[in-house]
Amino acid sequence: MSNALKDKNSEIISKRWALALMELALEDSNISKTDILDDLREISNTIDSSEELSNVINNPSVSTEEKQVVLCKLFQNNIMPIVYNFIFALNLKKRVYLISDIAKEFEKEMDRINNIKHVHVTSAIELDANKKEEIKDKIAAKLNSKIAVDWGTDNEIIAGLIFNIDEVVIDNSVKHKLDDLSKSIMR
């Protein structure tokens, strides 16, 4: 199986598990979705930070029961019961290796529910705080969403802004306009 196909399958599987966890979390309004995400990240970071632990979790020759003992010792008293039970279910289905991807998908689902869009804005120069706030407010109004902005600079764009909104790029830079003009002149 190609890596691209494996990655796509992992993404689909991770999304399903994240959605299932979110459905469980939404059944009880007292459960903090942010705390669940924090626990998922803690588990992921713990596994990723230890080569030995990562090898145990990702080794198919280590039994599900042995992995459960390790997970229990590490996390049972340190994470929310809903997340512990979720990890237990992941282990039974031999999917603990997906925990990092599941955390990312869970965060995306939280953002979708909370109507938060992630936007990367690139400018030719560093913008001051007032200009950033003005741009952020305009984007939020256009998208009718809450906005989480990541700011960047690239002096090669000459002037203007490049917006990357949920993987859609809107290039309003002078460099892009000059490139377009050059292409039309060549025709």
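No value in this document is a laboratory result; all are computed from the given coordinates. Predicted, not measured: the structure shown is a model, and the values here were computed from it. With ideal geometry, Cβ positions are generated from the backbone for all residues, glycine too; neighbour counts draw on all protein chains shown.
Consider a paramagnetic label point 7 Å from the Cα of Glu167 along Cα→Cβ; state which residues of region 73-109 have an amide N under 15 Å from it.
104-106, 108-109
Can you tell me the orientation of helix 3-26 relative to the chain, as the angle in degrees between its alpha-carbon axis and the longest Cα principal axis, to the nearest 10?
70
Ranked highest first by the average count of other Cβ atoms within 10 Å around their residues, in what order do 81-94, 107-120, 172-185 fall? Display every interim value, and only then the final one.
Values: 81-94: 16.6, 107-120: 15.1, 172-185: 11.9.
The peptides rank, most packed first, as 81-94, 107-120, 172-185.
When DSSP beta bridges are limited to those with both residues in region 77-186, what percentage is antiparallel, rounded to the nearest 5? Kindly include the intermediate steps, with their values, before the conclusion.
On the way: 11 of 19 bridges.
Approximately 60 percent, going by the DSSP bridge assignments.
Can you compute the charge dipole magnitude of region 105-161 about its Cα centre, using +1 on each Lys and Arg Cβ and -1 on each Asp and Glu Cβ, nothing else charged? Give it in debye, rounded to the nearest 20.
For region 105-161, the charge dipole is close to 320 debye.
Quick one: helix 64-75 against the long Cα principal axis of the chain, what's the angle to the nearest 10°, folded into 0 to 90?
70
In nm, give the distance between the simple-model label positions of Ser184 and Val56, each being 7 Å from the Cα along the Cα-to-Cβ direction.
6.4
Note the angle between two axes, namely the Cα long axis of helix 33-49 and the longest principal axis of the Cα atoms of the chain, as a number of degrees from 0 to 90, rounded to the nearest 10.
Computed tilt is about 80 degrees.
Suppose R0 equals 35 Å; then what is the FRET efficiency for Ser49 and Asn155 from their Cβ-Cβ distance, rounded to the nearest 0.05? It would help to have the intermediate numbers written out before the result.
Values: r = 37 Å, r/R0 = 1.05.
Between Ser49 and Asn155 the formula returns 0.45.
Tell me which label goes with the value of Cα extents along the principal axes in Å computed from the coordinates here: [x] 67, 42, 25; [y] 92, 40, 28; [z] 54, 41, 31.
Step by step, Cα extents along the principal axes in Å for this structure corresponds to label [x].
For the residue pair Asn9 and Asp38, what label-to-label distance in nm results when each label sits 7 Å from Cα along the Cα-to-beta-carbon direction?
If labels sit at Asn9 and Asp38, their model points lie 3.6 nm apart.
Principal axes first, then extents: for the Cα atoms of region 116-186, list largest minus smallest coordinate on each axis, whole Å, largest first.
42, 23, 16
By DSSP, what percent of the beta bridges with both residues in the chain are antiparallel, rounded to the nearest 5?
Working: 11 of 19 bridges.
The antiparallel proportion sits near 60 percent.
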